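S.K.: Could you have a look at this structure, given as structure tokens, before my questions?
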Amino acid sequence: MHRANTKIRTPDEDRRTTMSEPRPMVFVVDDDAAMRDAVETLLRSVGLQVEAFGSTQDFLRHKAADTPSCLVLDVRLPGRSGLDFQEQLAESNIHIPIIFITGHGDIPMSVRAMKAGAIEFLTKPFRDQDLLDAIQVALEKDRERRHHEQELGSLRRRFESLTPREREVFPLVVSGRLNKQIAADLGTSEITAKVHRASIMRKMQAGSVVELVRMAVELDIPAPK
């Protein structure tokens, strides 16, 4: 690796992180012990937590940390390649941002990696700053993913708090139907439809029907037939 002015935001320096957010973790998988040690030393020097592994099997055996993270992954590994491992993680629904490093890369490899969602594809020897920049992007992407999943989980819990009847009314409200139309669809009174609408808005913490529509999209609620 080529030394450079190594700068990276740590959790204490990033204004967008909160005091309660756990420190990010960078995982390194490379069968070259010297390269693995060099990357680990670099990342620790800028205040990052690092766990390094000599194989993908060792990485899979570790207990996943509940923290923003990314994976620095060598392309050429004994047995299953880094690119194949990228596919395996995706198939296992493990969405960790990946930065590939390789001493034997080519264009088809990099295209395959990037199409599958890799953050960066670095050829050895690479500049330290290039790796640090890629890690910063990867960690920010994972923060955003975790935040979105937390919000989606909260949204699902709110939806689950609705009564069965309110869940029937929900798609009718977001489709733009008026209370009298909802009442006709359900064979109930207009005042009852109005009560259900108000209860849905309150439980879902929606300030408007437009906001409720966005929630329905996030929850993948089908439109009424």
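S.K.: Look at Leu77 and say whether it is more than 21 Å from Arg143 (Cβ to Cβ) and part of a loop (DSSP other than H, G, I, E, B). Reasoning before the result, please.
M.R.: Values: more than 21 Å from Arg143 (Cβ to Cβ): yes; part of a loop (DSSP other than H, G, I, E, B): yes.
Yes; evaluated as a whole, the condition is true for this residue.
S.K.: Mind listing just one residue for me: the one in the range 12-40 that is loosely packed, with under 11 Cβ neighbours inside 10 Å and either within 19 Å of Leu71 (Cβ to Cβ) or small (Gly, Ala, Ser) (or both) and, of those, modelled with the lowest pLDDT?
M.R.: So the residue we want is Ser20.
S.K.: While we're here: Can you name the residue in the range 169-217 that is among the acidic types (Asp, Glu) and open to solvent by less than 90 Å² (accessible area, probe 1.4 Å) and is also nearest to the chain's Cα centre (by Cα) among such residues? Lay out the reasoning, then the answer.
M.R.: The initial filter retains those residues of the range 169-217 that are among the acidic types (Asp, Glu), namely 185, 190, 211.
Restricting the remaining residues to those that are open to solvent by less than 90 Å² (accessible area, probe 1.4 Å) gives 185, 211.
Values: Asp185: 39, Glu211: 23 Å.
Applying the filter and picking the extreme gives Glu211.
S.K.: Here's another thing I want to ask about it. Report every pair of residues separated by at least 6 positions or lying on different chains whose Cβ atoms are under 8 Å apart, first residue within the range 210-222 and small (Gly, Ala, Ser), second assigned to a helix (DSSP H, G or I) and surrounded by fewer than 14 Cβ atoms within 10 Å (Cβ to Cβ).
M.R.: That search, which allows pairs on different chains as well, returns nothing.
S.K.: If a residue must be outside any strand (DSSP E or B) and more than 15 Å from the chain's Cα centre (by Cα), how many such residues does the range 92-114 contain? Quick ask: steps written out before the conclusion?
M.R.: Start the filter on the range 92-114 by keeping residues that are outside any strand (DSSP E or B), which leaves 92-97, 103-114.
Add one more test, that the residue is more than 15 Å from the chain's Cα centre (by Cα), and what stays is 103-114.
So the answer is 12.
S.K.: Any residue at all in the range 135-155 that's over 30 Å from Phe27 (Cα atoms), modelled with pLDDT of 95 or more and either open to solvent by 30 Å² or more (accessible area, probe 1.4 Å) or more than 25 Å from the chain's Cα centre (by Cα) (or both)? It would help to see each step written out before you state the result.
M.R.: Taking the range 135-155 first, the residues over 30 Å from Phe27 (Cα atoms) are 155.
Then keep just the ones that are modelled with pLDDT of 95 or more; that gives 155.
Those left that are additionally either open to solvent by 30 Å² or more (accessible area, probe 1.4 Å) or more than 25 Å from the chain's Cα centre (by Cα) (or both): none.
No - not one qualifying residue is present in the range 135-155.
S.K.: If I ask for residues that are more than 19 Å from Leu219 (Cβ to Cβ) and either in contact with a helix residue (DSSP H, G or I) (Cβ under 6 Å, 6 or more places away or on another chain) or not charged (D, E, K, R) (or both), which ones from the range 140-181 would you list?
M.R.: Leu178, Asn179, Lys180, Gln181 - these are the residues of the range 140-181 that are more than 19 Å from Leu219 (Cβ to Cβ) and either in contact with a helix residue (DSSP H, G or I) (Cβ under 6 Å, 6 or more places away or on another chain) or not charged (D, E, K, R) (or both).
S.K.: Consider the range 56-72. How many of its residues are in a loop (DSSP other than H, G, I, E, B), surrounded by fewer than 23 Cβ atoms within 10 Å (Cβ to Cβ) and modelled with pLDDT of 90 or more? Walk me through how you get there before you give the answer.
M.R.: If we filter the range 56-72 for residues that are in a loop (DSSP other than H, G, I, E, B), which is where we start, we get 62-68.
The next check asks that each one be surrounded by fewer than 23 Cβ atoms within 10 Å (Cβ to Cβ); those that pass are 62-67.
Those still in the list that are modelled with pLDDT of 90 or more too: 67.
Residues in the range 56-72 being in a loop (DSSP other than H, G, I, E, B), surrounded by fewer than 23 Cβ atoms within 10 Å (Cβ to Cβ) and modelled with pLDDT of 90 or more: 1 in total.
The values are calculated or read from the model by the stated rules, or taken from the named source; none is laboratory data. All values reported here derive from a predicted model rather than from experimental measurement. Positions of Cβ are backbone-derived with ideal geometry, glycine not excepted, and every protein chain shown enters the neighbour counts. These area figures cover heavy atoms from the full protein model, side chains too; ligands, DNA and RNA do not enter into them. Shrake-Rupley method; radii C 1.70, N 1.55, O 1.52, S 1.80 Å.
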